Every structure is written in C-alpha cells, then in structure tokens.
Amino acid sequence: QVQLVESGGGLVQAGGSLRLSCAASRTIFTINVMGWYRQAPGKPRELVATIRRGGTTNYADSVKGRFTISRDNAKGTVYLQMDSLKPEDTAVYYCNADRGDFTSWGQGTQVTVSS
C-alpha cells in the first residue's frame, strides 16, 4: 500500500491557475497509473487525468488543453497544473494510485473557482 497526501488547493478567480501536488509515502516507480479525480457537491466522483508509468496521459474532455498531469517517480509525487480555471472546476480533488493489486486514495484538497 501507499499513503497519499494532496496539497495546493485553494480559492482562485476564474481564469487563474493552481498547481496541485500529491505526495506518496514512497517512490512510485511500481505504480502503474497515478491519477487525479474530483467530486463536486451532489455529483459523483469523476476522472480528471491519469498518467501511466511510461508517461502516457489521459484527460477528461472538460479539462483537455487546460490541465497538465505529470509525475516524478523518484520523488513519489504527482502534479496537476490547472490553468484557465472555470467555476465548474470547483470540487474536492483526490489523488489515486493504482498498481493493479491495490488502489489508494488521498484525503482530497478543495479547489474553489469564483466567477
């Protein structure tokens, strides 16, 4: 298992930027897929972006061209650079680690985008 701690959330105006970080309790060389998900009030949790060990990325259509996911395996950290933020991006953002035989979630970090 791996413990995950998110940081970097906050309040930002529409059009602004935030950078989320997810720190793992160890290196993440063996973690197949690292991802960011989000959950807005009254809505189910949804995929934002994932990045595989080899660097292949996948994004939700709603964030393509605005968000960028990256990972540093040696530091055990995953980042989510969020630009051109919109009020509809407001949600709790969760980090996920999927190694195949286990999956771990962080506690989440709140992102609020004001109009």
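The values are calculated or read from the model by the stated rules, or taken from the named source; none is laboratory data. The structure presented is a predicted model; accordingly, all values stated were derived computationally and were not measured. Backbone-built Cβ (ideal geometry, glycine too); neighbour counts: all protein chains shown. Areas reflect the complete protein model, heavy atoms only, side chains present, ligands, DNA and RNA absent. Shrake-Rupley method; radii C 1.70, N 1.55, O 1.52, S 1.80 Å.
Every condition in (1) modelled with pLDDT under 95; (2) in contact with a Gly (Cβ under 9 Å, 6 or more places away or on another chain) holds for Val78 except the one numbered (1).
Thr68 passes every criterion in (1) open to solvent by less than 50 Å² (accessible area, probe 1.4 Å); (2) assigned to a strand (DSSP E or B); (3) free of Cβ contacts under 8 Å to residues at least 60 places away in the same chain apart from (1).
Of a type outside the set (A, V, I, L, M) and open to solvent by less than 20 Å² (accessible area, probe 1.4 Å), is that true of Gly106? Taking the combined requirement at face value, the residue satisfies it. For the range 71-103, filtering for residues that are part of a loop (DSSP other than H, G, I, E, B) and either closer than 19 Å to Ile28 by Cα or open to solvent by less than 40 Å² (accessible area, probe 1.4 Å) (or both) leaves 10.
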